[in-house]
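Read through the structure below, which is laid out as structure tokens, and then see the notes.
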Ligand SMILES: NC(=O)c1ccc[n+]([C@@H]2O[C@H](COP(=O)([O-])OP(=O)(O)OC[C@H]3O[C@@H](n4cnc5c(N)ncnc54)[C@H](OP(=O)(O)O)[C@@H]3O)[C@@H](O)[C@H]2O)c1
């Protein structure tokens, strides 16, 4: 029976402030048998692709009362990924199945609650897409835009962190809905992508703007109907006075706050009252029941070439810590994926 040494990414200690690569060392574990014990109901997988997601930063801190659990210092971390079943004690899975869902940041994982895994049915697309457009970030863009914002043709849409996993899709969904859409991102390369690849009407580099309020007035002289919020902080404060009456804000994420020990204040929330705004947060895991509906919409769009999707792919588990940390400096261009193995 084959036994291998498993390589794993471990959280060294709880993190305060900006995370460093050294917070997430690569270790070699004791051996793991590539066969489950007789009575096991678990699934043993070989991990293929790991998804770098901003929420993982929260799990690196000692948090209480959050919607996610903190990682345990000294133990391997986990997240979302694409994997191949090597052995299964669960009736819904068999050897050779491809799955996406919660798995370890390691080469091989034993998944004790496989009910939460999605079986991959369509392999006529890159498998890595199940970490992004066909996985959690894709569903996030879908729910956060269509469900929370209820867009109407001709509305004015603003998306922050627009060149990332979620943002690039929101912008394209807005165009498919007949909206005018502007995105913000942190480099010229990303701004070019937004305008020339993803079809945003306009885009700007927020790092080059002295006055975010003035930048928004330049691109939205008539105001914003829908703000897809990915960053929070100063950007939210600049957006609020530029919202139109009855505008909607989908509070998807606030990445600018994740590494701050003390979050920034937003001083002009009274615009929510005066402009009758609706600002709604959401957590995508509460919408997984909509996944099949989302797949019915997105798969034909991908196959007909009506939606484009960019990934930033790094090779090897050893590259994973830098890739994850890179999300917080904007190093990634598109969805950040780590290749652990190619089947
Ligand atoms: N609610 C949910 O269930 C849910 C699910 C998934 C994701 N999210 C949230 O959605 C947002 C986007 O996630 P994603 O996976 O698509 O990540 P991503 O956009 O692919 O990567 C993160 C990007 O955020 C930008 N960023 C980093 N620090 C920033 C700062 N201080 N100020 C402004 N921008 C900053 C960087 O782009 P620039 O180069 O443009 O700075 C970076 O590339 C995050 O806030 C995430 O937490 C929420």
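The values are calculated or read from the model by the stated rules, or taken from the named source; none is laboratory data. Just so you know, these numbers come straight off a predicted model, no measurement behind them. Using ideal geometry, Cβ is built from the backbone for each residue, glycine included, and neighbour counts are taken over all protein chains shown.
For residue 147, work out the one condition from (1) assigned to a helix (DSSP H, G or I); (2) surrounded by fewer than 18 Cβ atoms within 10 Å (Cβ to Cβ); (3) out of contact with any helix residue (DSSP H, G or I) (no Cβ under 8 Å at 6 or more places or on another chain) it doesn't fulfil.
So the condition that residue 147 fails would be (3).
Hey, among the residues in the range 173-191 that are within 13 Å of the ligand (Cβ to nearest atom) and assigned to a helix (DSSP H, G or I), which one's surrounded by the most Cβ atoms within 10 Å (Cβ to Cβ)? If you could, list the steps in order and put the result at the bottom.
Taking the range 173-191 as the starting set, the residues that turn out to be within 13 Å of the ligand (Cβ to nearest atom) are 183-191.
When the remaining residues are screened for being assigned to a helix (DSSP H, G or I), the result is 188-191.
Values: 188: 12, 189: 12, 190: 26, 191: 22.
Across the range 173-191, the extreme among qualifying residues is 190.
Counting just the residues of the range 230-256 that are within 8 Å of the ligand (Cβ to nearest atom) and touching a residue at least 60 places away in the same chain (Cβ under 8 Å), which one comes out nearest to residue 140 (Cα to Cα)?
In this case the residue turns out to be 252.
Residues checked against (1) part of a strand (DSSP E or B); (2) buried (at least 17 other Cβ atoms within 10 Å of the Cβ):
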residue	(1), (2)
91	no, no
94	no, no
100	yes, yes
115	no, no
121	no, no
134	no, yes
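Given the condition within 15 Å of the ligand (Cβ to nearest atom), at pLDDT 95 or above, under 30 Å from residue 16 (Cα atoms) and not in a helix (DSSP H, G or I), answer yes or no: does some residue in the range 209-222 qualify?
There is at least one residue in the range 209-222 that is within 15 Å of the ligand (Cβ to nearest atom), at pLDDT 95 or above, under 30 Å from residue 16 (Cα atoms) and not in a helix (DSSP H, G or I).
When you look at residue 335, is it within 11 Å of the ligand (Cβ to nearest atom), assigned by TED's automatic domain parsing to the domain that holds residue 122 and at pLDDT 95 or above, yes or no?
Numbers: within 11 Å of the ligand (Cβ to nearest atom): yes; assigned by TED's automatic domain parsing to the domain that holds residue 122: yes; at pLDDT 95 or above: yes.
In short, yes.
Condition first: within 26 Å of residue 239 (Cα to Cα) and more than 9 Å from the ligand (Cβ to nearest atom). Can you find one or more residues in the range 280-288 that meet it?
Yes, the conditions are met somewhere in the range 280-288.
Go through 251, 238 for me and flag whichever is in contact with a helix residue (DSSP H, G or I) (Cβ under 6 Å, 6 or more places away or on another chain) and within 30 Å of residue 67 (Cβ to Cβ).
Every option except 238 fails the conditions.
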